[in-house]
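Q: Below is the structure I would like to discuss, written out as structure tokens.
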């Protein structure tokens, strides 16, 4: 219980520092290191013969700054392209799809 109180006091002190400095300085950098901010970068990909959403997600998984398992990346791709569950199995070669990548915003 004592550890929780110490953590809460330190968290409030960090929040006060961030608020007082306007997010700049050491406190702002500490906050962005602990809770980074991400933006979505949309990359265009042309489907090749034999591609699946999982193979595409696997290709782009290492290019994201935020870790997510393949299922999460597949869901992001489906949502960005308006694909339903049944549409995911019919990726025609030559079709262009959007792959949303999570990139960390550097401050």
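The values are calculated or read from the model by the stated rules, or taken from the named source; none is laboratory data. Please read these numbers as outputs of a predicted model, since none were measured by experiment. Cβ: placed from backbone, ideal geometry, glycine included. Neighbour counts: every protein chain shown.
Q: Filter region 82-107 down to residues that are under 17 Å from residue 42 (Cα atoms) and under 17 Å from the mean Cα position of the chain (by Cα) and give me whichever is surrounded by the most Cβ atoms within 10 Å (Cβ to Cβ).
A: Here the answer is 99.
Q: Another question, if that's okay. Of 76, 65, which residue is modelled with pLDDT under 85 and either farther than 15 Å from residue 45 by Cα or in contact with a strand residue (DSSP E or B) (Cβ under 8 Å, 6 or more places away or on another chain) (or both)? Working first, answer last.
A: Numbers: 76 fails: modelled with pLDDT under 85.
Sole residue among the options that is modelled with pLDDT under 85 and either farther than 15 Å from residue 45 by Cα or in contact with a strand residue (DSSP E or B) (Cβ under 8 Å, 6 or more places away or on another chain) (or both): 65.
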